[in-house]
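Data block below; observations after.
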Amino acid sequence: MPQHIGIVACTAEGASLCYRTICTEGAQYLGSYAHPEISLHTHSLGDYMQCIYRGDWPGVGELMLSSANKLAKTGADFLICPDNTIHQALPYIAQRSPLPWLHIAEVVAAQAVERSFHRIGITGTRWLVESEIYPEKLTARGLEYLRPTAAERDEINRIIMDELVYGIFKPEGIATFQQVIARMKGDGCDAVVLGCTEIPLIMNDENSPLPTLDSTRLLARAALRRAIESAG
């Protein structure tokens, strides 16, 4: 039997896409309609945002750990978190976690190397792009990176937090991402990380000026492979 995947969720849209990807793509490995057992737990996004707004990353970590403990009791074998931003809190609780985690940025960095990219643009919330979550994992694999400008960070953050997390998708939001990614391409990037799990709901290889590294689906696929391979 494949291992049981535990999802530590934060936002509904990103977690839903991750969950759906595991379920729909499981069939290619396990047969029609099949996928590994999955359990998901999330605290209120409002609880997370109260901590994030005041810069309380240990507090974010405690919410993640609470979910981890509940998922361990359901029988999960390992954990994923389809939210890039709150990975900033993972170091605070990793040693106390009841289960191992797949790190979203490590999964993305591995894919960037596999696809022979060299300089990666980073998009996401302002907390994500100002953190070392992606720079640390990318540079560890010999990759360069580029962050959005301050003005770009503010507008991307507004689109994510005021629109995407609520399932609101506007042409103007797509256009903003296209402009930012085009600028990154002009500055030497050969790929872009969709480093918020909602961004793939509006951006993809078809409408992006650069090849995309879809953090949501890449994490889901890595979890799917781990669940199946570990069972063997």
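The values are calculated or read from the model by the stated rules, or taken from the named source; none is laboratory data. Because the structure is a prediction, the values reported are computed rather than measured. Don't worry about glycine lacking a Cβ; one is built from the backbone with ideal geometry, like all the others, and counts go over all protein chains shown. To get the accessible areas, we keep the full protein, side chains included, count just its heavy atoms, and leave off ligands, DNA and RNA. Shrake-Rupley method; radii C 1.70, N 1.55, O 1.52, S 1.80 Å.
Observations, loosely collected:
- Selection within region 1-33 - assigned to a helix (DSSP H, G or I), in contact with a Pro (Cβ under 8 Å, 6 or more places away or on another chain) and of a type in the set (Gly, Ala, Ser): GLY14, ALA15
- Residue count for region 171-181 under the criterion of being surrounded by 13 or more Cβ atoms within 10 Å (Cβ to Cβ) and of a type in the set (Gly, Ala, Ser): the result is 1.
- Applying the criterion of being open to solvent by less than 10 Å² (accessible area, probe 1.4 Å) and of a type in the set (A, V, I, L, M) to the residues of region 190-201, the residue that is farthest from GLU13 (Cα to Cα) is ALA191.
- Members of region 68-89 found to be surrounded by 21 or more Cβ atoms within 10 Å (Cβ to Cβ) and closer than 16 Å to ALA15 by Cβ, listed by number: ALA68, LEU71, ALA76, LEU79, ILE80, CYS81, PRO82, ASP83, ASN84, THR85, ILE86, HIS87
- Here region 110-125 is the region considered, the condition is being under 17 Å from the mean Cα position of the chain (by Cα) and surrounded by 20 or more Cβ atoms within 10 Å (Cβ to Cβ), and the residue that is nearest to LEU218 (Cα to Cα) is ALA112.
- When the residues of region 90-109 are filtered to those that are in a helix (DSSP H, G or I) and open to solvent by 10 Å² or more (accessible area, probe 1.4 Å), the one that is farthest from ILE228 (Cα to Cα) is TYR92.
- Scanning region 221-232 for residues that are among the aliphatic types (A, V, I, L, M) and either in contact with a helix residue (DSSP H, G or I) (Cβ under 7 Å, 6 or more places away or on another chain) or open to solvent by 10 Å² or more (accessible area, probe 1.4 Å) (or both) yields ALA222, ALA223, LEU224, ILE228, ALA231.
- Residue that is farthest from GLN3 (Cα to Cα) [pool: residues in region 27-45 that are under 19 Å from the mean Cα position of the chain (by Cα) and of a type outside the set (A, V, I, L, M)]: SER44
- One residue stands out among those in region 34-52 that are part of a loop (DSSP other than H, G, I, E, B) and either in contact with a helix residue (DSSP H, G or I) (Cβ under 8 Å, 6 or more places away or on another chain) or hydrophobic (A, V, I, L, M, F, W, C) (or both): the one that is least open to solvent (accessible area, probe 1.4 Å), which is PRO36.
- Contacts under 7 angstrom Cβ, first residue in region 137-164 being within 13 Å of GLY195 (Cα to Cα) and open to solvent by 30 Å² or more (accessible area, probe 1.4 Å), partner assigned to a helix (DSSP H, G or I) and of a type in the set (Phe, Trp, Tyr), 6 or more apart: TYR145/TYR134
- Pairs linking a residue in region 4-27 that is touching a residue at least 40 places away in the same chain (Cβ under 8 Å) to a residue that is aromatic (Phe, Trp, Tyr) and buried (at least 24 other Cβ atoms within 10 Å of the Cβ), with Cβ atoms under 8 Å and 6 or more positions apart or on different chains, do not occur.
- Of the residues in region 7-19, not one is more than 20 Å from MET161 (Cα to Cα), hydrophobic (A, V, I, L, M, F, W, C) and open to solvent by 30 Å² or more (accessible area, probe 1.4 Å).
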